[in-house]
Amino acid sequence: MGGDAVEKPEVADVSEWASIEDVAEVASRFEAADLGPDQTRALFGAMSLEQAAAVLAAVGDDLRAREVLHWMPHEQSGPVLSAIAPAHAARLIAALPRDERADLLAAVDEDHRSTIQALLPADARSDAARLLAYEPDTAGGLMETEFVSYSAHAEVRDAIRDLRANQQRYASIGVQYIYLIDGERKLVGVAPLRDLLLAPEGARLSTLAARTPTTVRDTAPLHDVAAAFDEHAFIALPVVDSEGVMLGVVTRADATVGEQEEAEDDYRVSQGIVGGEELRSMPVVLRLRRRSAWLGVNLVLCLGGAAIVAMHQDTIAKVVVVAAVLPVISATSGNAAMQAAAVSIRELTLGVIDPAAWRRVLAHEAALAVLMAFPLGGAVAMLARLWGAPWTVGAAVGLAMALNSLIAIAIGALCPLLLRRLKIDPALASGPISTTLADVSGFALTLSLVSIAA
């Protein structure tokens with residue numbers, strides 16, 4: 001091999017560039033280093049929003065600047081685009097693929113988005129407006145609007161001639177199927193590219209295509225799109241409107257990425273990060289608002305458990321072992337509630353249960369709850385005895401553990417259903433509400449039964 005290998009800087013070294021005050025120097029180093037995705041994210045992730053925007057604006061090579069936008073998470077690239085000159089932002093966005101262009105514009109705040117959109121070329125502007133009209137987690141929001149279509153009456157030789165004449169453009173959109181449309185652009189058939197290449201040149205395309213193609217509606221939610229791919233072994237599916245007019249193509253890869261992003265969103269919400277993605281490069285005020293909103297609610301919920309404990313101070317002073325048992329009962333019951341809540345949330349997501357079916361949910365949990373509750377109660381009772389509690393107190397805390405496990409499982413199973421009926425995201429509130437209610441009932445049961453037994 002000729003020539004010396006150019007060594008890329010380590011990620012740690014790249015991050016240190018963020019401490020350089022001269023924006024032009026950072027931009028120059030970035031362009032000269034030819035960084036990959038990981039190092040680019042490390043560099044811009046170490047910067048404040050203002051610094052990242054200034055460095056991006058100082059990058060003279062638009063191709064490199066678009067790489068930054070492509071590799072950065074949208075939660076970061078959107079605010080960065082909002083902070084640079086609208087004309088510059090429009091120039092960078094206009095050269096991106098259509099679906100990525102719409103995703104980036106969706107991440108920009110509304111005021112700057114309208115300004116940037118107005119500066120886009122007419123075709124890019126109208127295309128972006130069409131995609132932005134859809135929710136991001138629908139087939140319309142996921143679809144790519146570039147696809148290869150022909151009249152059903154065209155011949156194989158016509159299609160092959162067109163593919164060869166436009167090979168560069170078609171290569172960029174990853175052609176796997178050809179779509180047959182009528183004069184009103186309604187989808188009438190789909191044929192794999194391999195069938196086209198193997199067919200006689202004089203054959204009509206209509207003889208190659210499936211006459212009842214599988215499609216997804218543009219308004220179909222992500223779950224329905226994923227289900228369609230689970231049912232059919234297709235690489236891509238055509239997206240149509242209510243009249244059957246073909247609008248675009250959604251790929252299996254896009255659906256998979258969408259599901260992963262949805263799962264990540266649900267996880268963040270379940271951990272109390274409310275309002276979307278949080279990155280440490282975001283403004284402190286925004287991060288404070290997103291975290292404190294749920295922490296405040298959680299604090300209020302926890303006050304119930306604290307009030308129960310405060311009301312039974314005499315019992316705790318009299319039977320000290322209760323202070324050691326309470327955390328065990330609280331943690332175990334809380335985990336049981338979370339398990340039941342997780343199953344209900346999953347079933348709601350899959351659409352296999354209805355929020356009104358609470359009796360069926362409770363019936364299915366009952367047997368499992370009983371089988372779990374009494375062994376847990378017996379274990380806590382023996383633990384209390386080992387710590388020196390009288391047998392009556394051991395029996396009381398064991399019974400409290402068993403009963404509270406039943407209550408916690410019921411709460412966890414039903415809470416997501418109730419929240420869904422109230423139009424509240426179950427993933428957001430089910431966990432904290434279920435565990436807090438399980439804590440309150442556990443404290444109340446344990447202290448009440450122990451006060452009687454003692």
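The values are calculated or read from the model by the stated rules, or taken from the named source; none is laboratory data. What you see is a predicted model, and the numbers here were worked out from it, not measured in a lab. Cβ: placed from backbone, ideal geometry, glycine included. Neighbour counts: every protein chain shown.
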Notebook entry, point to check: Only one of (1) of a type in the set (A, V, I, L, M); (2) over 29 Å from the mean Cα position of the chain (by Cα); (3) in a helix (DSSP H, G or I) fails for Ala389. Which number is that?
Noted result: (3)
Note to self: Among the residues of the range 179-201, what is the count of those that are part of a strand (DSSP E or B) and small (Gly, Ala, Ser)?
What the structure shows: 2
Margin query: Can you tell me which condition Val393 does not meet? The list is (1) in contact with a Ser or Thr (Cβ under 9 Å, 6 or more places away or on another chain); (2) surrounded by 21 or more Cβ atoms within 10 Å (Cβ to Cβ), and all the others hold.
Written below: (1)
Item checked: Of all residues in the range 202-233 being assigned to a loop (DSSP other than H, G, I, E, B) and in contact (Cβ under 8 Å) with a residue 40 or more places away in the chain, the one that is nearest to Gly140 (Cα to Cα) -> Asp218
Next item on the list: Answer with yes or no whether Ala159 is outside any helix (DSSP H, G or I), of a type in the set (Gly, Ala, Ser) and surrounded by 19 or more Cβ atoms within 10 Å (Cβ to Cβ).
Entry: no
Notebook entry, point to check: When both residues are 6+ apart or on different chains and their Cβ atoms are under 9 Å apart, which pairs have a first residue that lies in the range 434-454 and is surrounded by fewer than 22 Cβ atoms within 10 Å (Cβ to Cβ), and a second that is of a type in the set (Lys, Arg) and modelled with pLDDT under 85?
Noted result: Ser451/Lys318; Ala454/Lys318
Item checked: Residue check for Val370: without any contact (Cβ under 8 Å) to a residue 60 or more places away in the chain, assigned to a loop (DSSP other than H, G, I, E, B) and surrounded by fewer than 17 Cβ atoms within 10 Å (Cβ to Cβ) -> no
Checklist line | Failed criterion for Ser114 (all others in (1) part of a helix (DSSP H, G or I); (2) touching a strand residue (DSSP E or B) at 6+ places or on another chain (Cβ under 9 Å) hold) | finding: (2)
Next item on the list: Within the range 403-425, count every residue that is free of Cβ contacts under 8 Å to residues at least 60 places away in the same chain and crowded, with 24+ Cβ neighbours inside 10 Å.
Entry: 0
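For (1) touching a Leu at 6+ places or on another chain (Cβ under 9 Å); (2) at pLDDT 85 or above; (3) assigned to a helix (DSSP H, G or I), each residue gets a yes or a no:
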| position | (1), (2), (3) |
| --- | --- |
| Gly3 | no, no, no |
| Ala18 | yes, no, yes |
| Ser28 | no, yes, yes |
| Ala42 | yes, no, yes |
| Val68 | yes, yes, yes |
| His88 | yes, yes, yes |
| Ile93 | yes, yes, yes |
Next item on the list: Give the residues of the range 349-365 that are in a helix (DSSP H, G or I) and either under 31 Å from the mean Cα position of the chain (by Cα) or at pLDDT below 85 (or both), sorted by residue number.
Entry: Thr349, Leu350, Trp358, Arg359, Arg360, Val361, Leu362, His364, Glu365
Checklist line | Those residues of the range 31-50 which are closer than 15 Å to Ile84 by Cα and surrounded by fewer than 20 Cβ atoms within 10 Å (Cβ to Cβ), in sequence order | finding: Ser48, Leu49, Glu50
Checklist line | Single condition Ile409 does not satisfy, out of (1) of a type in the set (Val, Ile, Thr); (2) modelled with pLDDT under 85; (3) part of a helix (DSSP H, G or I) | finding: (2)
Next item on the list: Kindly indicate whether any position in the range 170-178 is over 33 Å from the mean Cα position of the chain (by Cα) and either surrounded by fewer than 17 Cβ atoms within 10 Å (Cβ to Cβ) or in a loop (DSSP other than H, G, I, E, B) (or both).
Entry: no
